[in-house]
1. Condition test on S302, is it closer than 22 Å to I375 by Cβ and among the polar types (S, T, N, Q)?
2. Pairs please, first residue from the range 317-341 and free of Cβ contacts under 8 Å to residues at least 24 places away in the same chain and more than 30 Å from H46 (Cβ to Cβ), second anywhere and among the β-branched types (V, I, T) and crowded, with 22+ Cβ neighbours inside 10 Å, Cβ atoms under 7 Å, 6+ apart in sequence or on different chains.
3. Examine the range 178-190 for a residue that is assigned by TED's automatic domain parsing to the domain that holds R116, small (G, A, S) and touching a Leu at 6+ places or on another chain (Cβ under 8 Å), and state whether such a residue exists.
4. What strands (runs of 3 or more DSSP E), lying completely within the range 281-385, carry at least 3 residues that are within 30 Å of I37 (Cα to Cα) and of a type outside the set (A, V, I, L, M, F, W, C)?
5. Let me spell it out: the conditions are (1) assigned to a loop (DSSP other than H, G, I, E, B); (2) in contact (Cβ under 8 Å) with a residue 40 or more places away in the chain, and A269 meets all of them except one. Which number is the exception?
6. I'd like the full set of residues that are among the β-branched types (V, I, T) and within 30 Å of the chain's Cα centre (by Cα), limited to the range 119-156.
7. Looking only at the range 292-316, filter to residues that are within 24 Å of P42 (Cα to Cα) and charged (D, E, K, R); which one of those is modelled with the lowest pLDDT?
8. In this structure, is D113 touching a Phe, Trp or Tyr at 6+ places or on another chain (Cβ under 6 Å) and either under 22 Å from A137 (Cα atoms) or at pLDDT 90 or above (or both)?
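The values are calculated or read from the model by the stated rules, or taken from the named source; none is laboratory data. It should be emphasised that the depicted structure is a prediction, and the values quoted were computed from it without experimental measurement. FYI the Cβ positions are ideal-geometry reconstructions off the backbone, even for glycines, and counts take in every protein chain you see.
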Amino acid sequence: MVKDTPLPRTGNCFAAIIVAAGRGLRAGQPLPKQFAIWRGKPVLRHSAESLAAAGANPIIVAIPDHTQEIASKTLQGIKNVHFVVGAETRQGSVSAALESLSNAAPRDVLIHDAARPILPSAVVDRLLNALDSIPGAIPVLPVVDSLSLDHNGLMTGSADRDNLRRVQTPQAFHFDAILKAHRNWEGPLDAGDDAQVLIANGGQVAHVEGDEDLKKLTFSEDFMSDLPAMRTGMGYDVHRLVAGEELWLGGIKIDHEKGLSGHSDADVALHAVVDALLGAVAAGDIGQHFPPSDPRWKGAASSKFVEHAASLVAEAGYQIGNVDLTIICEAPKIGPYRDAMRGAIAELLGVDIGLVSVKATTTERLGFAGRQEGIAAQAIATVIRGS
């Protein structure tokens with residue numbers, strides 16, 4: 001059970017409420033859709049980050065009972081977030097969140113559905129500006145399709161779409177007005193939205209321009225983005241072998257008479273993997289993210305580079321499908337270390353070892369690798385669209 005704790009007064013800044021107390025059964029996810037991963041992070045986190053960036057303080061999140069642990073983990077690091085247990089209805093959840101804000105008494109409050117993860121800052125600006133002259137404002141979009149009235153599967157008439165609007169969230173209100181409206185509500189058990197509650201209590205609600213990106217995630221197919229289902233990247237790197245250096249290869253240290261020279265630990269195998277992952281999501285190359293001119297990366301473990309690349313894959317809405325790495329050298333022999341390398345790379349990427357292949361080849365004593373002047377590596381990484 002989430003404990004209700006009084007919040008300090010906030011002056012004239014605006015607060016935000018995120019309604020995330022539903023079970024999301026239609027979304028076909030293994031957990032409530034607000035906690036499901038969408039484009040690299042939980043659905044709820046997208047809108048919470050946007051509201052925090054816009055200046056919302058505090059942010060009240062209405063969540064299902066017994067979910068505070070996963071909710072806290074989902075929003076970890078976002079400041080001024082507080083949780084309340086939601087009700088059986090959306091309106092009940094909003095009422096509980098509003099009551100938790102009664103001591104803070106912000107001038108304005110934005111009420112948003114967690115299932116709308118993309119929240120353009122321009123919409124927030126339009127809503128707050130509208131509240132300078134009216135107690136309520138909602139983002140809307142025009143109806144572009146013809147409308148038909150239905151009865152038992154038959155068309156019985158049409159509606160004038162010119163006077164109709166599609167309503168989105170967040171909806172913005174003067175806090176005292178919407179709190180009073182909820183307390184006075186005598187309509188159906190659950191109002192369609194908070195704007196209806198304010199109007200029923202004599203308030204006025206302005207329309208502001210919404211945004212198509214504010215679409216709601218409702219069904220399982222909504223979690224399938226328009227990103228390609230699969231992408232592939234390729235990486236290649238070379239480092240010189242020199243005396244007096246440690247030899248790090250594939251994430252493990254190998255005893256050898258020479259080591260690889262470079263600004264970092266010069267793990268040529270991991271560098272190839274990093275470039276393959278970055279290439280798969282069109283995120284540049286290792287030199288852009290970790291330039292050798294930056295003293296922070298002097299002697300740095302290449303494992304940090306791999307973890308960063310993996311995080312960019314996730315942020316792009318993908319998960320790692322597999323990695324295929326080939327190390328090109330005469331010595332040392334890679335065979336005795338192959339499985340240790342696979343395990344190290346799999347751990348860094350957070351995937352099963354069965355998704356990581358490590359191979360080795362020589363150049364038949366030809367070229368710099370054949371003369372044991374250096375080691376080369378090439379990698380291919382496949383990433384698949386996350387769900």
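1. Here the answer is yes, as S302 does meet what is asked.
2. That search, which allows pairs on different chains as well, returns R338/V358.
3. Yes, there is a match, as at least one residue in the range 178-190 is assigned by TED's automatic domain parsing to the domain that holds R116, small (G, A, S) and touching a Leu at 6+ places or on another chain (Cβ under 8 Å).
4. Fully inside the range 281-385 and qualifying: 318-328.
5. (1)
6. Across the range 119-156, the qualifying residues are V123, V124, I138, V140, V143.
7. The residue in question is E315.
8. Considered against the rule, which asks whether it is touching a Phe, Trp or Tyr at 6+ places or on another chain (Cβ under 6 Å) and either under 22 Å from A137 (Cα atoms) or at pLDDT 90 or above (or both), D113 comes out as no.
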